[in-house]
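Contents: one structure, followed by commentary.
The values are calculated or read from the model by the stated rules, or taken from the named source; none is laboratory data. Owing to the predicted nature of the structure, the values given are computational and were not obtained by experimental measurement. Using ideal geometry, Cβ is built from the backbone for each residue, glycine included, and neighbour counts are taken over all protein chains shown.
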């Protein structure tokens with residue numbers, strides 16, 4: 001071949017390679033910029049996103065400021081995969097990476113947000129492997145990949161160019177063993193993201209100008225925040241795994257006879273003929289008349305939630321149809337549906353629609369979608385990462401997305417039926433903000449459960465710190481207080497014959513040995529659950545704001561107060577809505593230290609006024625609620641009810657905190673359909689003027705769910 005021609009061909013190939021790997025910058029939505037180098041992954045979170053951005057709401061946010069310059073992001077492609085370099089200022093703190101259990105501030109850590117069913121040891125493993133983080137500088141970064149990814153959050157600095165040889169005497173720390181092991185190096189000025197196997201780097205930037213605004217943009221870009229069915233904000237009680245139909249009737253009568261609020265009963269594995277893997281067929285031995293059960297529970301104001309997972313048993317009616325639409329490895333001898341394709345979701349969804357949704361099942365608890373424990377060698381139940389699926393997705397990426405794809409498949413039934421719901425699930429990935437589903441875990445450390453409420457808010461997620469057994473009545477009440485101050489109030493008695501407040505000890509409970517003071521403990525729990533039911537109007541409105549404006553209903557203090565560095569480490573307190581600060585007590589504590597941000601705050605239990613910017617030691621009784629109300633708040637609280645349905649009317653008392661309260665708002669719709677998306681809702685505006693309350697209702701909804709009867713000035 002002609003030498004000149006060869007050089008020309010090489011030059012063209014080189015130019016093509018350079019052009020193909022050139023940085024591409026694109027505005028995706030108001031305040032959202034995408035930076036891509038190379039080839040973006042086919043099965044990325046963005047490509048799997050089914051919701052559309054709420055652009056109009058994003059336009060209402062404050063004008064963006066360049067928290068980070070897209071041109072400053074550097075992507076390297078090499079034989080290993082892709083490496084992304086993101087600038088990091090010396091004064092920035094980082095938060096996020098999904099549902100982290102053991103850490104809060106993420107700067108200086110190595111994070112591997114990989115889905116795992118036992119996310120311990122602060123490796124970054126999590127039930128929600130979200131590759132999204134936020135900075136106190138006022139921006140968020142989302143790495144658009146479903147691959148196992150590692151973030152070095154200011155821990156390393158890349159060596160570039162010539163390196164001077166150090167001939168000095170070391171770092172000057174001395175020669176003691178302690179000095180030798182000290183790390184005196186300062187954190188570097190970048191976040192390094194390692195994405196093995198990737199053919200490109202794909203980065204979404206969400207600019208604020210504040211951390212809260214950046215988080216709003218992320219949630220709105222994902223379709224807006226979740227607005228669960230109103231009944232989902234009530235109380236869920238999960239039955240023992242081997243309960244039978246008669247046991248459900250007996251438990252329902254117990255709750256109603258003793259006036260203990262409950263909206264949902266959860267049925268655990270034994271409702272099916274096979275559970276590991278799943279048949280999705282009612283057991284005639286345990287539940288001989290399922291439609292009768294559904295109807296009788298409905299008559300008592302109780303919805304049913306069914307436990308299942310997606311691994312499909314040979315005993316299932318859909319096993320044969322799924323055979324050519326599943327992965328090439330089984331789990332518990334069950335098929336793994338290829339939810340990234342088109343065939344498996346339709347088969348799975350259609351069966352569930354006809355068999356359960358159309359018959360009145362209100363929700364599902366979706367288990368075992370979070371991989372077996374990567375931290376131990378004997379945890380091998382899940383499908384291998386090397387699995388292949390007909391859609392082309394591999395096992396690694398399927399693990400990261402399995403919970404999200406599974407949820408989308410099931411939730412689609414409810415959307416098509418115009419029925420809202422509130423699910424439980426064991427894993428979710430990025431851009432899941434719009435999903436009415438709460439994450440849960442088999443771990444049970446109370447402090448971690450509290451930390452995850454704060455951390456969930458950084459990633460557009462909802463978390464359920466469910467209550468199971470305890471070591472004392474005090475601990476049970478503390479766990480219940482945390483549960484009622486979270487997205488989903490759940491008592492998971494899957495291994496308890498009787499409710500834990502009648503006997504908190506597992507073995508004694510199952511032997512039928514109730515507490516001597518069981519009725520006293522029951523009264524404590526009833527009082528706490530009554531608060532939850534009273535709190536629903538305020539909480540529901542916070543969720544509506546999440547849906548419309550992207551503001552998480554539960555969020556860490558630093559989200560609202562990023563200028564207050566004292567909030568940077570506060571993980572055991574959080575905001576609920578705009579005006580309530582929660583400070584749960586862990587384990588059996590009778591008191592705790594509480595930091596209150598700037599402003600003035602009222603203790604909900606005593607009405608004592610505290611000056612913000614300080615830390616106080618607060619004692620809280622077993623029936624008291626560990627919350628503080630911001631001065632200037634009008635707090636709507638309802639008369640307690642035992643359950644919520646479409647016909648429920650809430651009788652509201654407005655508590656006025658301070659002399660010049662800010663007008664408050666309540667979001668009012670039917671609570672059960674998606675008609676609010678069509679404008680079928682009201683907004684109630686509540687004002688306090690001249691020592692008198694006033695309510696103004698605006699909207700298209702003809703019925704009224706909230707009746708404001710009383711005003712009380714604090």
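Taking region 658-676 as the range and being touching a helix residue (DSSP H, G or I) at 6+ places or on another chain (Cβ under 9 Å) and more than 11 Å from residue 544 (Cα to Cα) as the test, the residues that pass are 664, 670, 672, 674. I need the full set of residues from region 384-424 which are in a loop (DSSP other than H, G, I, E, B) and touching a strand residue (DSSP E or B) at 6+ places or on another chain (Cβ under 9 Å), in order please. Correct list: 385, 386, 387, 389, 390, 421, 422.
Inside region 322-347, residues that are under 25 Å from the mean Cα position of the chain (by Cα) and within 26 Å of residue 442 (Cα to Cα) make up a count of 4. Condition test on residue 232, is it more than 19 Å from residue 72 (Cβ to Cβ), at pLDDT 95 or above, in a helix (DSSP H, G or I) and within 20 Å of the chain's Cα centre (by Cα)? Yes, satisfied. Once region 467-479 is narrowed to residues that are in contact (Cβ under 8 Å) with a residue 40 or more places away in the chain and assigned to a loop (DSSP other than H, G, I, E, B), the residue that is farthest from residue 133 (Cα to Cα) is 472. Evaluation of residue 685 against the conditions (1) assigned to a strand (DSSP E or B); (2) under 30 Å from the mean Cα position of the chain (by Cα); (3) crowded, with 16+ Cβ neighbours inside 10 Å shows that the sole unmet condition is (3).
Residue by residue, here is whether (1) in contact (Cβ under 8 Å) with a residue 60 or more places away in the chain; (2) buried (at least 19 other Cβ atoms within 10 Å of the Cβ); (3) under 30 Å from residue 202 (Cα atoms) holds:
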position	(1), (2), (3)
423	yes, yes, no
441	yes, yes, no
455	yes, yes, yes
458	yes, yes, yes
481	yes, yes, no
485	yes, yes, no
496	yes, yes, no
513	no, no, no
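When each of 42, 106, 100 is tested for being surrounded by fewer than 18 Cβ atoms within 10 Å (Cβ to Cβ), at pLDDT 95 or above and either in contact with a helix residue (DSSP H, G or I) (Cβ under 6 Å, 6 or more places away or on another chain) or part of a loop (DSSP other than H, G, I, E, B) (or both), the lone residue that passes is 42.
Does residue 653 satisfy being more than 25 Å from residue 540 (Cβ to Cβ), part of a strand (DSSP E or B) and not assigned by TED's automatic domain parsing to the domain that holds residue 470?
Numbers: more than 25 Å from residue 540 (Cβ to Cβ): no; part of a strand (DSSP E or B): yes; not assigned by TED's automatic domain parsing to the domain that holds residue 470: yes.
Taking the combined requirement at face value, the residue does not satisfy it.
Among the residues of region 550-570, is there at least one that is within 19 Å of residue 450 (Cα to Cα), out of contact with any helix residue (DSSP H, G or I) (no Cβ under 8 Å at 6 or more places or on another chain), part of a loop (DSSP other than H, G, I, E, B) and outside the structural domain of residue 56 (by TED's automatic domain parsing)? Yes; the residues of region 550-570 include at least one that is within 19 Å of residue 450 (Cα to Cα), out of contact with any helix residue (DSSP H, G or I) (no Cβ under 8 Å at 6 or more places or on another chain), part of a loop (DSSP other than H, G, I, E, B) and outside the structural domain of residue 56 (by TED's automatic domain parsing). Of the residues contained in region 188-195, none is found to be closer than 17 Å to residue 30 by Cβ, at pLDDT 95 or above and assigned by TED's automatic domain parsing to the domain that holds residue 93.
Being touching a residue at least 12 places away in the same chain (Cβ under 8 Å), within 16 Å of residue 117 (Cβ to Cβ) and assigned to a loop (DSSP other than H, G, I, E, B): is that true of residue 315 here? Please lay out each step first, then the result.
Values: touching a residue at least 12 places away in the same chain (Cβ under 8 Å): yes; within 16 Å of residue 117 (Cβ to Cβ): no; assigned to a loop (DSSP other than H, G, I, E, B): yes.
Judged against the criteria, residue 315 is not a match.
For region 597-635, a residue qualifies if it is touching a helix residue (DSSP H, G or I) at 6+ places or on another chain (Cβ under 7 Å), assigned to a loop (DSSP other than H, G, I, E, B) and farther than 24 Å from residue 563 by Cα, and the qualifying residues are 622, 623, 625, 626. Residue under question is residue 427, and the condition is that it be surrounded by 24 or more Cβ atoms within 10 Å (Cβ to Cβ) and assigned to a loop (DSSP other than H, G, I, E, B); does it hold? Yes.
All of 138, 168, 174, 161 fail the test of being at pLDDT below 90 and touching a helix residue (DSSP H, G or I) at 6+ places or on another chain (Cβ under 9 Å), apart from 174.
Among the residues of region 235-247 satisfying the criterion of being outside any loop (DSSP other than H, G, I, E, B) and in contact with a helix residue (DSSP H, G or I) (Cβ under 6 Å, 6 or more places away or on another chain), which is farthest from residue 648 (Cα to Cα)? Spell out how you get there, then give the answer.
Keep residues of region 235-247 that are outside any loop (DSSP other than H, G, I, E, B), which gives 235-238, 245-247.
So of that shortlist, the ones also in contact with a helix residue (DSSP H, G or I) (Cβ under 6 Å, 6 or more places away or on another chain) come out as 235, 245.
Numbers: 235: 15, 245: 27 Å.
Checked region 235-247; the qualifying residue farthest from residue 648 (Cα to Cα) is 245.
Specify which of the listed residues (594, 644) is assigned to a loop (DSSP other than H, G, I, E, B), surrounded by 20 or more Cβ atoms within 10 Å (Cβ to Cβ) and under 28 Å from the mean Cα position of the chain (by Cα).
Details: 594 fails: assigned to a loop (DSSP other than H, G, I, E, B).
None of the others qualify; the one that does is 644.
For beta carbons closer than 6 Å, sequence separation of 6+ or different chains, a first residue in region 337-361 that is free of Cβ contacts under 8 Å to residues at least 12 places away in the same chain and not assigned by TED's automatic domain parsing to the domain that holds residue 278 and a second that is surrounded by 19 or more Cβ atoms within 10 Å (Cβ to Cβ) and not in a strand (DSSP E or B), there are no qualifying pairs. Among the conditions (1) within 28 Å of the chain's Cα centre (by Cα); (2) modelled with pLDDT of 95 or more; (3) surrounded by fewer than 19 Cβ atoms within 10 Å (Cβ to Cβ), residue 24 misses just one, which is (1).
Using the structure shown, decide if residue 280 is in contact with a strand residue (DSSP E or B) (Cβ under 8 Å, 6 or more places away or on another chain), in contact (Cβ under 8 Å) with a residue 40 or more places away in the chain, closer than 27 Å to residue 351 by Cα and part of a loop (DSSP other than H, G, I, E, B). The answer is yes for residue 280.
Results for (1) outside any helix (DSSP H, G or I); (2) modelled with pLDDT under 95; (3) under 19 Å from residue 265 (Cβ atoms), shown as yes or no for each residue.
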{"residue": "494", "(1), (2), (3)": "yes, no, yes"}
{"residue": "500", "(1), (2), (3)": "yes, no, yes"}
{"residue": "503", "(1), (2), (3)": "yes, no, no"}
{"residue": "509", "(1), (2), (3)": "no, no, yes"}
{"residue": "513", "(1), (2), (3)": "yes, no, no"}
{"residue": "516", "(1), (2), (3)": "yes, no, no"}
{"residue": "522", "(1), (2), (3)": "no, no, yes"}
{"residue": "526", "(1), (2), (3)": "no, no, yes"}
{"residue": "536", "(1), (2), (3)": "no, no, yes"}
